[in-house]
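Here the structure is laid out as structure tokens; the discussion comes afterwards.
The values are calculated or read from the model by the stated rules, or taken from the named source; none is laboratory data. In this text, all values refer to a predicted model and were calculated from it rather than measured experimentally. Note that each Cβ is placed from the backbone with ideal geometry, even for glycine, and that neighbours are counted across all protein chains shown. Heavy atoms of the whole protein, side chains included, go into the accessibility calculation; ligands, DNA and RNA do not. Shrake-Rupley method; radii C 1.70, N 1.55, O 1.52, S 1.80 Å.
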Amino acid sequence: METEKINFLKTYLSLYIDHNTVLKELENPNSDYVVLDVRNAPAQIKGDQIKGARALAAKDLAQNLDSLDQSKTYVVYDWTAGTTLGKMALMILLSNGFKAFELSSALEGWKGMHLPTEPVPA
Amino acid sequence: METEKINFLKTYLSLYIDHNTVLKELENPNSDYVVLDVRNAPAQIKGDQIKGARALAAKDLAQNLDSLDQSKTYVVYDWTAGTTLGKMALMILLSNGFKAFELSSALEGWKGMHLPTEPVPA
Amino acid sequence: METEKINFLKTYLSLYIDHNTVLKELENPNSDYVVLDVRNAPAQIKGDQIKGARALAAKDLAQNLDSLDQSKTYVVYDWTAGTTLGKMALMILLSNGFKAFELSSALEGWKGMHLPTEPVPA
């Protein structure tokens with residue numbers, strides 16, 4: 001049973017990337033990381049986003065895969081970690097051969113740690 | 001590793017149902033869906049519930065399976081997605097041959113989207 | 001598919017321990033349970049902790065395993081269940097042969113139920 005638990009945790013954790021790693025990538029002008037805001041909400045509801053994020057709603061992701069770059073690593077996030085939207089976006093990306101992670105703790109955790117955000121572009 | 005991640009996500013996501021699907025079912029008078037409020041709390045603490053939900057606390061679920069209908073599809077929810085109560089209820093239902101899902105984002109997400117609720121009947 | 005879902009849930013739930021069980025252990029002077037606060041934050045940010053918890057940040061855990069006791073059962077918690085820190089700590093403990101669980105609903109759930117906390121020792 002312990003092996004099963006450890007394997008489960010290993011796979012679970014391999015889906016996530018932590019905010020420190022993402023922050024370092026965002027500060028590196030040559031980074032291959034792209035942060036995708038996959039919230040299914042209009043700009044005025046979203047308000048703020050992670051600084052430098054690109055908006056691509058989870059509901060539109062499957063139809064817009066050709067606008068993505070296979071050489072990049074995508075980091076997806078939703079409002080909170082309690083939703084399944086981030087995992088849905090992640091499954092679409094991984095199933096289509098993209099390198100991708102979900103941001104641990106989602107936007108809520110990012111804001112809670114006072115990391116850089118910006119208003120969602122109109 | 002990617003296949004393992006994708007299979008993990010596929011199984012994880014197959015446990016959940018999203019609020020839009022549930023909302024449509026609640027509006028359909030011939031729906032086979034039944035929403036179960038599995039919170040382990042007295043009515044006065046619970047306050048509001050999802051409109052039309054039936055209260056059946058997770059702690060009482062295993063003893064009350066004969067009050068459920070094998071032809072229905074059950075949607076369980078707890079306060080938030082951060083608890084394990086919904087998954088516990090889901091495991092009991094699936095293990096006993098019921099069709100069942102956990103509501104993605106739980107009651108917190110439902111309220112956050114201003115979807116219909118009602119006071120818990122006394 | 002149902003078997004796969006049930007096995008997934010079984011493994012998932014086996015990682016967690018609920019607050020009632022932990023509370024009973026904390027009240028038992030001969031308990032083998034030790035609660036570990038694995039938050040990666042300085043004491044003044046942490047504020048309160050679960051009464052009787054020992055602070056051992058997730059980031060320092062791997063380097064401090066020899067300060068732990070193989071005969072104990074460790075219960076780890078982070079701020080909320082939405083983070084991956086608890087699962088990371090849990091994986092380190094299980095991989096090194098310790099008996100360990102993550103506290104269901106994390107510190108947020110514990111406080112939400114008004115269970116005993118105390119100021120983090122300076």
| said: Scan the stretch A:76-95 and tell me whether some residue there is open to solvent by 10 Å² or more (accessible area, probe 1.4 Å), in contact with a Phe, Trp or Tyr (Cβ under 8 Å, 6 or more places away or on another chain) and modelled with pLDDT of 95 or more. | reply: no
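The rows are residues; the columns are (1) polar (S, T, N, Q); (2) closer than 18 Å to A:Lys87 by Cβ.
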residue: B:Gly52; (1), (2): no, no
residue: B:Ser67; (1), (2): yes, no
residue: B:Asp78; (1), (2): no, no
residue: B:Glu102; (1), (2): no, yes
residue: B:Ala106; (1), (2): no, yes
| message | Need a quick list: helices (runs of 4 or more DSSP H) entirely within the stretch A:1-116 having at least 1 residues that are within 15 Å of the chain's Cα centre (by Cα) and within 14 Å of chain C (Cβ to nearest Cβ). | response | A:2-14, A:19-27, A:85-95, A:106-112
| message | Residue under question is B:Thr73, and the condition is that it be within 17 Å of B:Ser104 (Cβ to Cβ), open to solvent by 30 Å² or more (accessible area, probe 1.4 Å), among the hydroxyl-bearing types (Ser, Thr, Tyr) and in contact (Cβ under 8 Å) with a residue 24 or more places away in the chain; does it hold? | response | no
| Residues being in contact with a Phe, Trp or Tyr (Cβ under 7 Å, 6 or more places away or on another chain) and closer than 23 Å to A:Ala55 by Cβ - total across the stretch A:1-21 | 4
| said: I'd like the full set of residues that are among the small types (Gly, Ala, Ser) and in contact (Cβ under 8 Å) with a residue 60 or more places away in the chain, limited to the stretch B:105-122. | reply: B:Ser105, B:Gly109, B:Ala122
| said: Can you find, within the stretch A:32-62, the residue that is modelled with the lowest pLDDT among those that are open to solvent by less than 70 Å² (accessible area, probe 1.4 Å) and among the charged types (D, E, K, R)? | reply: A:Lys46
